[in-house]
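Here is the structure we will look at, set down as structure tokens.
The values are calculated or read from the model by the stated rules, or taken from the named source; none is laboratory data. Being a predicted model, the structure only gives us computed values, none of them experimental. Every residue, glycine among them, receives a Cβ derived from its backbone with ideal geometry; neighbour counts consider all protein chains shown. Protein only, heavy atoms only, side chains kept; ligands, DNA and RNA dropped before computing areas. Shrake-Rupley method; radii C 1.70, N 1.55, O 1.52, S 1.80 Å.
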Amino acid sequence: MNTVIVVNLNGNAFHIEEPGFDLLRTYLDGAQAQLRDNPDKSEIMADLEQAIADKCAHFLRPHKNVLSVAEIESVLKEMGPVQTDGNSASSSGASGEPQSRAAGAKGDPGAARRLYQIREGAMLSGVCTGLAAYLNVDVSIVRIIFVVLALLTRGLWIIAYVAMMLVIPFANTDEEHAAAAGTPFNAQEVIDRAKKHYSQFKNGREWRQHWRQQHREWRRKWHDGAYWWGQNLQRNVQQFGAHTGYFAQLLAGLMIPLLAIVSVVVFCAFVASLVMLTTTGALFGWSLLASMPLWVAILLLCFAYLIIASPLRHARRAIYMQRGAYREWFAVWDGIFSLGIWAVAGWLAYTHVPQVHDFFQHFPENVQTIWNNVAGSLHHAAAQKPPQSGSSPVR
Amino acid sequence: MEPEQKFTTIRKGLLEFLILKIVSADKVYVADMMKRLAETDFATQEGTLYPLLSRMRREQLVDYEWHESDSGPPRKYYKLTAKGKSQLVEFKNYWDYLNTTINQLGR
């Protein structure tokens, strides 16, 4: 069962399923935007609506009076995208209109652009290159910001990135390449594309709202998961202690240091891998894929660490949060013990691992070396990018 | 740029010429034009055709009149104007000239 919406197409009433209606509205809004400077806009819109109405009428029978999404989709596919020939100034010759339009676009630098993914010079999919063209900044800056965001949001930005990969269209034709760098754009298009897939999002605000909600939901689930993990552990501990509160407390008290040690070991392994990766470009004998840039490897490593480390941390917290009246004591115990482990681990590393000893002896130079490596790889990435072609639509 | 992409660019520029030719033969409405074009490499969709026709009408190359149809709403039948006719002749001459030039150059 689906909600049906009645629409008026150039004087003809049609019953259309709600998702199909959204598709249709997206198409007509897009046509409106394309034709916004056209003096015959209303006439062309009427023609288009009439053509859609004619096509829709083919799907109707005496006992079938509602148009499905699939039918609307096929009608719109048959219609094809609304293109004004003003877009292709390079091919439609020297009629005055396209030129004046191009001049208008240039004379109005505040005009928005189209956001595309640009494959040329892309590292993964072209989101960053497209965004760089859109914002008119160097692609390295965009990439650095993306990496920083990925770290700050603990990897959640990667999901946002994947979403952008799926939602933002690729620049394929010359016009699209030109538009990526400069011609007028309606942000509507990106939203429309998203609307196509999730017809319930009516506008940008709902989009953001939904995104935030989703984010909160994920976080909650993540916490619940970790909490459940800890609780389960604790239940096992209790059963083991044969319901004697004393043993349960004792075991919880033992689990905390155990988990703390594991956490420290995991962190040390993470730092060691990070150092190994930046200095030698290889990880435990597994060298990087030639096509994978260093910063991607670092990002993956950070992500892997977070995946392993945060359940551990949540489990520890869950254990002492469950201890009721004693929770402060357990928290303090956990804190002190962790610090102790850190101190011991640090001391052991300093005295027994020559590299660590050297590292701290030459701390400033080492930081410099690592930074140079990272910056070098970023710079290398930027150098692969083809030279900027300006805003000329002809290539 | 792939060869196919280059041909697309050429075809785009020639579409106007083809429409002038189609309209010159007979009074036609858009579905007719599309049917004629669909048989060729110049297959076009309404989304492209309506804006193009409206511009050609603005440039006074074509004009249309409403005709009742037996099956459905009245239709716009397009016909060539005097200016359209002279432009078609110009187009045609230029096309022949281009053909000769291309054939004569090189091998």
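The fraction of accessible area contributed by carbon and sulfur in chain B is 53 percent, rounded to a whole number (1.4 Å probe; ligands and nucleic acids excluded). With all protein chains in place and ligands, DNA and RNA left out, the 1.4 Å accessible area ranks B:91, B:7 as B:7, B:91, largest first. The reciprocal of the average 1/r between distinct C-alpha atoms defines the Kirkwood hydrodynamic radius, which for region B:65-107 equals 13.5 Å.
Ranking of A:1, A:123 by solvent-accessible surface, largest first: A:1, A:123 (1.4 Å probe, protein heavy atoms only, all chains present). With a simple spin-label model that places each label point 7 Å from the Cα along the Cα-to-Cβ direction, the separation between residue A:266 and residue B:101 comes to 7.2 nm. For chain B, the longest principal axis of the Cα atoms and the long axis of helix B:82-104 meet at an angle of about 20 degrees.
Taken over chain B, the ratio of Cα radius of gyration to 2.2 N^0.38 Å equals 1.21.
Overall, region B:50-107 carries a charge dipole of about 200 debye about its Cα centre when +1 sits on the Cβ of Lys and Arg and -1 on the Cβ of Asp and Glu, all other atoms neutral. Dividing the summed helix terms, -39500 (n - 2.57) for each DSSP H run of n ≥ 4, by the number of residues in chain B produces a 222 nm estimate of -21500 deg cm²/dmol to the nearest 500.
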